[in-house]
1. Out of all the residues in segment 52-95, which are among the aromatic types (Phe, Trp, Tyr) and touching a residue at least 40 places away in the same chain (Cβ under 8 Å)?
2. Within segment 28-52, track down each residue that is closer than 16 Å to residue 156 by Cα, surrounded by 21 or more Cβ atoms within 10 Å (Cβ to Cβ) and in contact with a Leu (Cβ under 9 Å, 6 or more places away or on another chain).
3. Answer yes or no: is there a residue in segment 6-13 that is open to solvent by less than 50 Å² (accessible area, probe 1.4 Å), aliphatic (A, V, I, L, M) and at pLDDT 95 or above.
4. Filter the strands (runs of 3 or more DSSP E) completely within segment 21-110 down to those with at least 1 residues that are over 15 Å from residue 136 (Cα atoms).
Amino acid sequence: MAQRENNVFTHADSIDQVDTYSSVQSFTPQVNYDLVLVKLKMARKGSPGITTVEIHTADGSDIPTGASLATETFNGNDLTTNLNNPEIKTITYISPASLGSGTKYAIQVIPTNFEGNVTYVAWYDDNLATAYANGRGMERPNGTTWVARNSDFYFDTYDLRSVIPKVCIF
């Protein structure tokens with residue numbers, strides 16, 4: 001049976017400018033599974049260059065800890081520039097991360113280039129959506145301290161057996 005965790009909504013009414021200090025969405029699987037793919041709602045402004053998406057375990061405060069369990073990169077310059085109509089960016093992990101039921105994990109987005117309101121990767125959230133109960137969005141605006149967001153980022157995770165989930169767990 002395919003498994004996934006998600007915070008999927010039909011519209012995004014705000015964006016986060018993912019800076020050089022990164023942003024995170026934590027999640028807690030309800031079953032064990034091998035994470036092979038994540039989908040994030042994104043756009044760009046300017047030329048943000050290579051963007052890294054990592055999977056980490058997270059501590060009780062939703063902060064990523066330890067070495068990356070899975071890492072992939074994509075060219076942020078290939079994202080749409082239409083900030084009013086973001087795209088779903090699919091990240092496929094060549095080496096899947098084995099996730100354990102009840103363990104908290106974090107999806108971390110780390111851009112290469114960030115120049116204030118000129119160049120950034122936008123990871124969309126929705127402050128009107130029902131909060132994702134098994135994690136939360138975090139950001140590190142000053143480069144050292146993680147701060148909880150008032151909303152969750154759009155994310156969707158998929159297991160190794162299927163890129164079309166059969167079971168949705170909220």
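The values are calculated or read from the model by the stated rules, or taken from the named source; none is laboratory data. On a predicted model such as this, the values are computed, not experimentally measured, just so you know. Using ideal geometry, Cβ is built from the backbone for each residue, glycine included, and neighbour counts are taken over all protein chains shown. Ligands, DNA and RNA are stripped out before the accessible areas are found, and what is left, the full protein with its side chains, is counted by its heavy atoms. Shrake-Rupley method; radii C 1.70, N 1.55, O 1.52, S 1.80 Å.
1. Going through segment 52-95, the residues among the aromatic types (Phe, Trp, Tyr) turn out to be 74, 93.
Listed by number, the list holds a single entry, 93.
2. Hits for segment 28-52 are 29, 33, 35, 42.
3. Within segment 6-13, the subset open to solvent by less than 50 Å² (accessible area, probe 1.4 Å) is 6-7, 9, 12.
Remaining after also requiring aliphatic (A, V, I, L, M): 12.
If we keep only those that are at pLDDT 95 or above too, we end up with none.
Scanning segment 6-13 turns up no residue that is open to solvent by less than 50 Å² (accessible area, probe 1.4 Å), aliphatic (A, V, I, L, M) and at pLDDT 95 or above.
4. 33-45, 50-58, 64-75, 87-99
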